[in-house]
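Q: Supplied in structure tokens, the structure appears directly below.
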Amino acid sequence: MKIKIGDMVHIPSGAYIFQYQDKVNVAPKKLEKLHRPDTLLVIDENKEAYEILKDGVSWHVHKTDAYGLK
């Protein structure tokens with residue numbers, strides 16, 4: 001399933017979400033491991049990751065860790 005901006009995605013427990021230091025997307029400034037699965041909104045994407053909203057804050061998740069909902 002093709003995931004696009006505005007879609008909800010399932011992120012399983014054990015997946016890492018991260019925030020970048022700046023828009024260059026070089027090194028994460030914050031990394032968090034999910035301890036339980038979550039369903040989050042995709043607000044943007046780049047080559048390797050989706051930008052998602054968690055508790056009103058922008059995070060990124062690797063595309064391999066995000067699953068589209070039917």
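Q: Looking only at residues that are more than 17 Å from D44 (Cβ to Cβ) and open to solvent by less than 40 Å² (accessible area, probe 1.4 Å) in the range 14-23, which one is nearest to the chain's Cα centre (by Cα)? Quick ask: steps written out before the conclusion?
A: Of all residues in the range 14-23, those more than 17 Å from D44 (Cβ to Cβ) come to 14-16.
If we keep only those that are open to solvent by less than 40 Å² (accessible area, probe 1.4 Å) too, we end up with 14-15.
On the way: G14: 13, A15: 9 Å.
Among those residues, the one meeting the criterion is A15.
Q: On the given criteria, is I11 in contact with a helix residue (DSSP H, G or I) (Cβ under 8 Å, 6 or more places away or on another chain) and either open to solvent by 70 Å² or more (accessible area, probe 1.4 Å) or in contact (Cβ under 8 Å) with a residue 24 or more places away in the chain (or both)?
A: yes
Q: Same structure, new question: Does V57 count as modelled with pLDDT of 95 or more and either closer than 14 Å to M8 by Cβ or open to solvent by less than 70 Å² (accessible area, probe 1.4 Å) (or both)?
A: No, not satisfied.
Q: Condition (residue is surrounded by 10 or more Cβ atoms within 10 Å (Cβ to Cβ) and in contact with a Pro (Cβ under 6 Å, 6 or more places away or on another chain)) applied to the range 30-46: is it met by at least one residue?
A: yes
Q: Of the residues A49, A27, only one is among the small types (G, A, S), surrounded by fewer than 16 Cβ atoms within 10 Å (Cβ to Cβ) and at pLDDT below 95; which?
A: Of the residues listed, the single one that is among the small types (G, A, S), surrounded by fewer than 16 Cβ atoms within 10 Å (Cβ to Cβ) and at pLDDT below 95 is A27.
Q: Here is a follow-up. Starting from the range 50-63, take each residue that is in contact (Cβ under 8 Å) with a residue 40 or more places away in the chain and list its partners that are of a type in the set (S, T, N, Q) and part of a strand (DSSP E or B), counting only C-beta distances under 6 angstrom and pairs at least six apart or across chains.
A: Here the result reads W59/Q19, each pair linking the range 50-63 to a residue that is of a type in the set (S, T, N, Q) and part of a strand (DSSP E or B).
The values are calculated or read from the model by the stated rules, or taken from the named source; none is laboratory data. Since the model is a prediction, treat every value here as computed from it, not as a measurement. Don't worry about glycine lacking a Cβ; one is built from the backbone with ideal geometry, like all the others, and counts go over all protein chains shown. These area figures cover heavy atoms from the full protein model, side chains too; ligands, DNA and RNA do not enter into them. Shrake-Rupley method; radii C 1.70, N 1.55, O 1.52, S 1.80 Å.
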